[in-house]
1. What are the residues in the range 219-237 that are surrounded by fewer than 17 Cβ atoms within 10 Å (Cβ to Cβ) and within 18 Å of residue 274 (Cα to Cα), if any?
2. What pairs come up if the first residue lies in the range 58-80 and is closer than 17 Å to residue 33 by Cα, the second is of a type in the set (D, E, K, R), and their beta carbons are under 7 Å apart, counting only those six or more places apart or on different chains?
3. If I ask for residues that are crowded, with 19+ Cβ neighbours inside 10 Å and touching a residue at least 60 places away in the same chain (Cβ under 8 Å), which ones from the range 300-332 would you list?
4. How many residues are assigned to a helix (DSSP H, G or I) and either open to solvent by 10 Å² or more (accessible area, probe 1.4 Å) or basic (Lys, Arg) (or both) when one looks only at the range 188-212?
5. Using the structure shown, decide if residue 71 is farther than 24 Å from residue 7 by Cβ, in contact with a helix residue (DSSP H, G or I) (Cβ under 6 Å, 6 or more places away or on another chain) and of a type in the set (D, E, K, R).
6. Contact list please: Cβ distance under 9 Å, first residue in the range 223-244 and outside any helix (DSSP H, G or I), second residue crowded, with 16+ Cβ neighbours inside 10 Å and hydroxyl-bearing (Ser, Thr, Tyr), pairs at least six apart or on different chains.
7. Looking at the range 105-138, which of its residues are part of a helix (DSSP H, G or I), in contact (Cβ under 8 Å) with a residue 60 or more places away in the chain and open to solvent by 30 Å² or more (accessible area, probe 1.4 Å)?
Amino acid sequence: MQAKHKQAYLQACDVANRADRLKVEGAKRELVDLARLHLKRAQKYHFNSIALRLAGFLQSYFHNMAHDARRGNIFRDIRKKYQDLYFLEEEIDTIYLELSFQINSKRSPSKSIIERLNHICEEYRNYIHSDSIPIRVRVVILHISRAFINHDYDQAIELCNNVIAWLEEEGFAYFSGFYSYLALAYIVKGRYSDGLCSIENAINACPVGTNNWSVFQVNKFILYAHSGDFESAKETFFVAAEKMPDNAALKEQWLIIKGYMRFLSSCEVIDGVGRLRLGKFFNEIPIFSADKEGNNINIIILFILLNLKKGKGDIIEKAEAIGKYISRHLNYNARARIFLKMLLKIPQYDFKRRAVEFRTQKELSLLHKNPIQVVGMNEVEIIPYEALWGLILDNLKN
């Protein structure tokens with residue numbers, strides 16, 4: 001919420017609280033005038049619950065104290081409108097929370113959950129254009145979720161751009177979720193310049209050092225990495241590192257990105273990245289940790305990448321456990337499953353480039369045939385697997 005919205009909201013809340021108290025004590029005329037002023041502001045900024053309270057107060061005043069039936073009826077109708085809107089918002093919010101939990105708690109939603117999502121999207125389709133921010137935002141997010149599940153990234157982009165443009169018209173400069181969805185869709189479509197343009201707009205409108213700002217910087221880093229512009233990705237990393245918010249999940253995300261940066265530096269793709277103490281690094285983000293389930297794929301990949309030169313024994317030691325993890329947990333993610341199987345062939349063929357390259361031809365072909373898809377917000381390929389594989393081969397001895 002921007003500063004002027006926040007100020008208007010707090011002022012309207014204060015007037016509504018005073019009005020609630022004076023329903024019993026008896027309203028003063030000056031408060032009635034304030035209530036009418038802030039009702040208009042509440043309507044303008046879509047503070048619907050406050051508009052409901054103020055309209056109720058004004059109806060009560062004009063009907064019961066001023067005995068002005070005409071004005072009382074006007075505010076009665078306004079109250080009825082916001083009362084109906086309140087119940088609709090509650091109904092949609094309940095559905096949204098339930099479905100969001102069901103979709104996000106499983107990497108691959110069941111057929112019954114997808115059918116329910118399709119049914120809800122069709123039933124509430126008209127509310128994509130609702131004037132109520134809570135209703136519109138929730139309905140659009142459900143439609144975006146359906147678009148991602150169906151791999152319809154063009155529709156996801158259209159939905160995100162439309163709702164972002166509308167929110168900006170309403171005075172909201174950014175909305176973190178939609179910009180992150182948009183970045184993901186642009187990454188999958190290979191539209192990196194469009195994605196960077198939208199994320200720059202979000203960053204410029206967002207206070208520096210906040211959680212949203214840091215999330216946008218993550219999106220920006222991944223967009224640069226997928227475009228192959230690793231120097232700009234590095235610059236993004238250092239900018240974000242200077243203003244890191246006190247958020248455990250974001251710190252972990254940036255620590256993982258730092259691991260990829262270190263690998264790129266060891267391949268002489270970039271410079272200026274300090275060394276990592278691998279023991280300490282993997283203590284902070286241990287592989288196979290249940291509370292890091294969403295990041296486990298990236299952590300396992302990093303474990304192999306960062307031990308290619310000096311930790312071959314560690315890779316061999318963990319190879320069996322990684323193989324079991326692939327068979328038990330990665331049926332939903334074809335690309336990650338294929339890439340990790342390729343990585344496991346490195347110790348199997350004694351870290352020799354020619355043997356590894358020959359023995360992974362089938363998997364590399366499968367990787368090319370399976371384009372990048374969105375399978376989870378924390379499981380985005382930070383660097384495309386194909387690009388990583390080329391760097392890995394260059395690190396192996398002939």
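1. 231, 232, 235
2. Every condition considered, the pairs that remain are 58/36; 59/76; 59/79; 60/23; 62/68; 62/71.
3. Those that are crowded, with 19+ Cβ neighbours inside 10 Å and touching a residue at least 60 places away in the same chain (Cβ under 8 Å): 301, 305, 308.
4. 15
5. yes
6. Correct list of pairs: 228/192; 229/192; 243/214; 244/214.
7. Across the range 105-138, the qualifying residue is only 134.
Matching residues to (1) outside any loop (DSSP other than H, G, I, E, B); (2) buried (at least 19 other Cβ atoms within 10 Å of the Cβ):
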site: 338; (1), (2): yes, yes
site: 343; (1), (2): yes, yes
site: 354; (1), (2): yes, no
site: 358; (1), (2): yes, no
site: 367; (1), (2): yes, yes
site: 371; (1), (2): no, no
site: 382; (1), (2): no, yes
site: 386; (1), (2): yes, no
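The values are calculated or read from the model by the stated rules, or taken from the named source; none is laboratory data. Only a predicted model underlies this, so the values are computations on that prediction, with no experimental measurement involved. Backbone-built Cβ (ideal geometry, glycine too); neighbour counts: all protein chains shown. Just the protein is used for accessible areas: all its heavy atoms, side chains included, with ligands, DNA and RNA removed. Shrake-Rupley method; radii C 1.70, N 1.55, O 1.52, S 1.80 Å.
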